[in-house]
1. Hey, got the dipole for the chain? About the Cα centre, +1 on K and R Cβ, -1 on D and E Cβ, debye to the nearest 20?
2. For the modelled label position 7 Å from the Cα of SER172 along Cα-to-Cβ, which residues of segment 9-52 have backbone nitrogen atoms closer than 11 Å?
3. When the scattering of segment 189-285 is computed by the Debye formula from its Cα atoms alone, each counted once and equally, what is log10 I(q)/I(0) at q = 0.13, 0.23 Å⁻¹?
4. Give me the mean projected area, in nm² to one decimal, of the convex hull enclosing the Cα positions of segment 67-364.
5. Name the residue farthest towards the positive end of the dipole of segment 129-233 from the options ALA136, THR180, THR157, assuming +1 on Cβ of Lys and Arg, -1 on Cβ of Asp and Glu, about the Cα centre.
6. Long-range amide H contacts for VAL329: which residues qualify at under 5 Å (H placed 1.01 Å from N, peptide plane, sequence gap of 5 or more or a different chain)?
7. Measuring from label point to label point, each 7 Å out along Cα→Cβ, what is the GLU314 to ASP98 span in nm?
8. For segment 3-61, what's the radius of gyration and Dmax over Cα atoms, in angstrom?
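Nothing in this text is a laboratory measurement; each read-out follows from the coordinates by a stated rule. In this text the structure is predicted, and so the values were computed from the model without any measurement. Cβ sites come from the backbone with ideal geometry, for glycine too, and all protein chains shown count toward neighbours.
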Amino acid sequence: MTTNLLDFDLQGLVAYCEQLGEKRFRATQLFRWIHQRGAKDFSQMTDLAKSLREKLQHEAEIRPLPVITQHESQDGTIKWLFDVGDGNAVESVFIPEDDRGTLCVSSQAGCAVGCRFCSTGHQGFSRNLSTGEILAQLWFAEHFLRAHLKTDERVITNVVMMGMGEPLQNYSALVPALRTMLDDHGYGLSRRRVTVSTSGVVPMMDRLSQDCAVALAVSLHAPNDPLRDNLVPLNKKYPLDELLQACQRYLEFAPRDFITFEYCMLDGVNDQPEHAKQLVELIRSYGNGRPWCKLNLIPFNPFPASGLLRSSNERVTAFAKALSDAGIVTTVRKTRGDDIDAACGQLAGDVKDRTRAAERMAKQRTIMLKPTAG
């Protein structure tokens with residue numbers, strides 16, 4: 001089988017070219033052709049030696065992911081469903097705004113974490129994506145959009161690893177992909193504009209701070225351990241105190257002076273005044289009195305299997321005011337792409353459920369979650 005060059009960051013491509021008897025600068029040229037120009041055909045790479053182009057024709061490829069479907073929302077959001085083989089598919093979402101273009105990228109086919117409010121988790125976990133499959137989403141989207149908009153300028157300015165999967169449970173494939181996104185010979189993105197979202201895989205948060213410290217978003221969703229155990233099962237392994245201490249350690253290396261906390265607003269479950277009060281107390285107990293985080297309140301996007309409902313606009317507003325009045329920077333995420341199931345928590349794709357997640361979560365649906373005090 002030929003080697004997929006999308007699997008390599010620049011250092012990996014240098015090592016590969018050395019195996020072919022080529023110098024480092026050839027790897028840099030090749031890397032630019034792939035990622036900056038979106039080239040797939042080696043014959044287009046006219047500044048490479050003919051002998052190298054011939055080697056690559058026989059031994060390597062730039063392997064895209066086949067596009068199964070493309071849907072465009074009324075608000076301009078675009079969702080792609082990519083075929084990753086063996087009956088599995090993953091989704092990526094492009095969100096255009098006035099001052100940025102954000103691509104939401106998947107890291108796994110399915111997800112093993114199984115958060116109650118996430119449709120991806122309800123379908124179970126199939127497998128990790130390779131580095132090449134992670135990068136193929138960005139490679140395709142960037143160069144498709146450039147052609148569509150008839151521009152040579154960069155279209156995607158921000159990448160968020162918030163698609164299908166828990167990125168830090170696919171660490172070995174994630175880090176080379178991040179390095180390619182950041183590399184000036186690749187996509188040249190700022191560390192501040194690449195965000196990894198995690199439900200709280202504490203050991204990997206510590207590793208990421210040393211290996212490739214990009215912006216971090218943590219899926220919090222509850223202000224106390226009993227409630228978070230129910231909503232985010234990973235909390236049973238890494239409870240809130242361990243998670244928030246890891247956040248403090250990460251801040252020493254982060255490109256921003258804050259961690260973003262994602263908080264999905266669930267009607268009658270985690271949106272009551274006592275929850276806001278507990279959340280304020282929790283945040284104030286860390287950070288030595290300095291502002292150190294931002295709360296991003298997310299309106300829940302309901303799906304039938306969850307048994308959960310979206311908090312009312314009035315409840316979300318009141319919750320946000322309670323946090324803001326306590327001096328915590330708080331935003332409410334504007335829903336985008338919900339008419340094409342591209343909004344937060346809606347990505348489901350088409351994954352073979354080898355983890356029997358649907359069966360396990362069906363049992364949970366019979367349990368009505370109640371607000372947890374203290």
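1. Details: 44 positive and 45 negative charges, 74 e Å.
The calculated dipole for the chain is roughly 360 debye.
2. none
3. -0.44, -1.20
4. On the way: hull surface 58.7 nm².
Computing the convex hull of the Cα atoms and averaging its projections yields 14.7 nm².
5. Most positive-ward Cα: THR157.
6. LEU295
7. Reported label-point gap for GLU314 and ASP98 is 3.1 nm.
8. My reading of the Cα-based Rg and Dmax gives 9.9, 24 Å.
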